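Trainee: What follows is a single structure, and I will ask about it in a moment.
The values are calculated or read from the model by the stated rules, or taken from the named source; none is laboratory data. What you see is a predicted model; the values in this text were computed from it and never measured. Cβ atoms come from the backbone with ideal geometry, glycine included; neighbour counts cover every protein chain shown. Keep in mind that these areas ignore ligands, DNA and RNA; they rest on the heavy atoms of the full protein, side chains included. Shrake-Rupley method; radii C 1.70, N 1.55, O 1.52, S 1.80 Å.
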Amino acid sequence: MKPDLFEAPDYYNLDDLLTEEHKLVRDAARSWVKREVSPIIEEYAQRAEFPNQIIKGLAEIGAFGPYIPETYGGAGLDQISYGLIMQEIERGDSGVRSTASVQSSLVMYPIWKYGSEEQKKKFLPKLASGEFMGCFGLTEPDHGSNPGGMTTNFKANGDHYILNGAKMWISNAPFADVAVVWAKNEEGRVHGLLVERGMEGFSTPETHNKWSLRASATGELIFDNVKIPKENILPGKSGLGAPLSCLDSARFGIAWGAIGAAMDCYDTALRYAKERIQFDKPIAATQLQQKKLAEMLTEITKAQLMAWRLGVLREEGKATSAQISMAKRNNVDMAIKIAREARQVLGGMGITGEYSIMRHMMNLESVITYEGTHDIHLLITGYDITGHAAFK
Ligand code: TGC
Ligand code: FAD
């Protein structure tokens, strides 16, 4: 793979809106990605393997629980810092960002928000340092966009619960030490349970043959009469709103992360267009390639503004779920379109692993589907503006 010469586009001087702390956090994550992710990621993606050795570094840049308070081992940062970290990591690879998103927003967040004090003390510091890795089980083979239909269930039995069912498409599942699993009780009410590796009847087979997110480990969660101690239920919230509120946090991170992938594709295409000579001049001097590059930068700039404003609203506690949906949908769609255009700027070279673009493009096919599909986010906006839920 080519050396990482990435320079971030900032056409509207958005750095002026960031604090010194934001810039420090962002720059630390950027240098770490250049040093530890870029040189190895293509090889791991080609081999369809998660690079375990980066876990420690992810913890050190604050990617595990950026906004979780320091008393629980988190980085105690604000929402824009969280977004910037996700942007920088996804600039390297969406699969690596997935690992960080799941650990932070889908495992640490529910334990912090809905867990007991004992659960917080037991799990959060170890998750923040990367000593423990976590995963989040909501999707099932027959319930993806409609998680409310889930059939995974548990019933009380003395001092423990008995859990049965299966989850599918679970990021980090093959190596997770703890799974936050959403299941229905005997009354059909959704609860979160902490399922730990080693519990009898719990297995996590890996999902193979993915053309996308190849450097991220995906798997199933299978529960065959698993005995869960009663203290492993999340006591703070029940109902579908509990897992969906975790998705708000992860979707916010993805709205920023997708900008990273788009910036990397744009920067690669711009550099290539200036160097590649055809018909005795750089292809960057042709109107058709300039149209592609100018439109890419325009879309990136719009997405940056949207993400920044959403970060401010979220920090103020004012961002709605529907606003987060709009940003996730728009920014991932923007990134996937830019990846496709950027690939063409590189001609044949664009399909090789010498450059990051094709890997980003394939990764984004997962990002546009998980955490709510492109269609579902449109329907969430439709519901918000009309009051009619067309997904039902
Ligand atoms: P609905 O009846 O609308 O809502 C049920 C309850 O939930 C509340 N609610 C929310 N609460 C917090 N945040 C949100 N975003 C919320 N959306 C809804 C709602 O107020 C209600 O509360 P209550 O108290 O009245 O009961 O639910 P529905 O079943 O009709 O479904 C709505 C729909 C379709 C929008 C929702 O199910 C949905 O978002 N579906 C998409 C599923 C999804 O995103 N799955 C993601 C799985 S995790 C994943 O993909 C991780 S990938 C990670 C990585 O690798 O990076
Ligand atoms: P379906 O829900 O079957 O949708 C199929 C198609 O139908 C889509 O185009 C969808 O938009 C459309 N559709 C569905 N309902 C409607 C409707 N009402 N109106 C119009 N169109 C509709 N899940 C987890 O719980 N944890 C994870 O860590 C996790 N990681 C993932 C990692 C990867 C790599 C992938 C690919 C997925 C992951 N997921 C995870 C699952 C992901 O959230 C689901 O794939 C996603 O929610 C869509 O569900 P589905 O694949 O079952 O598609």
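Trainee: Kindly provide the set of residues from region 192-223 that are farther than 28 Å from Ala48 by Cα and more than 23 Å from the chain's Cα centre (by Cα), ordered by number.
Mentor: Across region 192-223, the qualifying residue is only Glu200.
Trainee: Now, a different point. From Gly353, Gly347, Gly382, which residue is surrounded by fewer than 20 Cβ atoms within 10 Å (Cβ to Cβ) and within 16 Å of ligand 2 (Cβ to nearest atom)?
Mentor: Criteria check complete, one pass: Gly382.
Trainee: Pairs under 7 Å by beta carbon, first residue on the phi > 0 side of the Ramachandran plot in region 363-388, partner among the aliphatic types (A, V, I, L, M) and in a helix (DSSP H, G or I), six or more apart or different chains?
Mentor: Glu371/Leu247; Glu371/Ala250; Glu371/Ile254; Gly372/Leu247
Trainee: Scan region 48-88 for residues that are in a helix (DSSP H, G or I), of a type in the set (Val, Ile, Thr) and in contact with a Gly (Cβ under 7 Å, 6 or more places away or on another chain) and jot them down.
Mentor: Once the filter is applied, which keeps residues that are in a helix (DSSP H, G or I), of a type in the set (Val, Ile, Thr) and in contact with a Gly (Cβ under 7 Å, 6 or more places away or on another chain), region 48-88 yields Ile55, Ile80, Ile85.
Trainee: Applying the selection to region 212-230, what residues are away from ligand 1 (no atom under 16 Å from the Cβ), touching a residue at least 60 places away in the same chain (Cβ under 8 Å) and not in a helix (DSSP H, G or I)?
Mentor: Within region 212-230, Phe223, Asp224, Asn225, Val226, Lys227, Ile228, Pro229 qualify.
Trainee: Further question on the same structure: Give the residues of region 121-169 that are open to solvent by less than 20 Å² (accessible area, probe 1.4 Å), within 16 Å of ligand 1 (Cβ to nearest atom) and part of a helix (DSSP H, G or I), sorted by residue number.
Mentor: Selection gives Leu127, Pro147.
Trainee: Additional query: Check every one of the helices (runs of 4 or more DSSP H) wholly within region 277-374 and list those with 1 or more residues that are more than 20 Å from the chain's Cα centre (by Cα) and under 13 Å from Tyr266 (Cβ atoms).
Mentor: Ranges flagged: 287-315, 321-345.
Trainee: Out of all the residues in region 362-382, which are within 7 Å of ligand 1 (Cβ to nearest atom) and under 15 Å from Ser101 (Cα atoms)?
Mentor: Those that are within 7 Å of ligand 1 (Cβ to nearest atom) and under 15 Å from Ser101 (Cα atoms): Tyr370, Glu371, Gly372.
Trainee: Residue under question is Asn164, and the condition is that it be in contact with an Asp or Glu (Cβ under 9 Å, 6 or more places away or on another chain) and more than 16 Å from ligand 2 (Cβ to nearest atom); does it hold?
Mentor: So Asn164 passes the test.
Trainee: Can you tell me which residue in region 265-298 is surrounded by the fewest Cβ atoms within 10 Å (Cβ to Cβ), limited to those that are closer than 16 Å to Lys337 by Cα and β-branched (Val, Ile, Thr)?
Mentor: The selected residue is Thr298.
Trainee: Answer yes or no: is there a residue in region 138-152 that is more than 10 Å from ligand 2 (Cβ to nearest atom), at negative phi, within 14 Å of the chain's Cα centre (by Cα) and modelled with pLDDT of 95 or more.
Mentor: no
Trainee: Taking the residues in region 248-260 that are crowded, with 23+ Cβ neighbours inside 10 Å and over 10 Å from the mean Cα position of the chain (by Cα) as candidates, determine which candidate is nearest to ligand 1 (Cβ to nearest atom).
Mentor: Among those that are crowded, with 23+ Cβ neighbours inside 10 Å and over 10 Å from the mean Cα position of the chain (by Cα), it is Gly260.
Trainee: Here is a check on your reading of the model: is Glu118 free of Cβ contacts under 8 Å to residues at least 60 places away in the same chain and surrounded by fewer than 20 Cβ atoms within 10 Å (Cβ to Cβ)?
Mentor: It is false that Glu118 is free of Cβ contacts under 8 Å to residues at least 60 places away in the same chain and surrounded by fewer than 20 Cβ atoms within 10 Å (Cβ to Cβ).
Trainee: Asn157 - would you say it is away from ligand 2 (no atom under 16 Å from the Cβ) and in contact with a Ser or Thr (Cβ under 9 Å, 6 or more places away or on another chain)?
Mentor: no
Trainee: Condition check: under 25 Å from Ser171 (Cα atoms), away from ligand 2 (no atom under 16 Å from the Cβ), open to solvent by 30 Å² or more (accessible area, probe 1.4 Å) and not β-branched (Val, Ile, Thr). Does Met362 satisfy that?
Mentor: Spelling it out, it is not the case that Met362 is under 25 Å from Ser171 (Cα atoms), away from ligand 2 (no atom under 16 Å from the Cβ), open to solvent by 30 Å² or more (accessible area, probe 1.4 Å) and not β-branched (Val, Ile, Thr).
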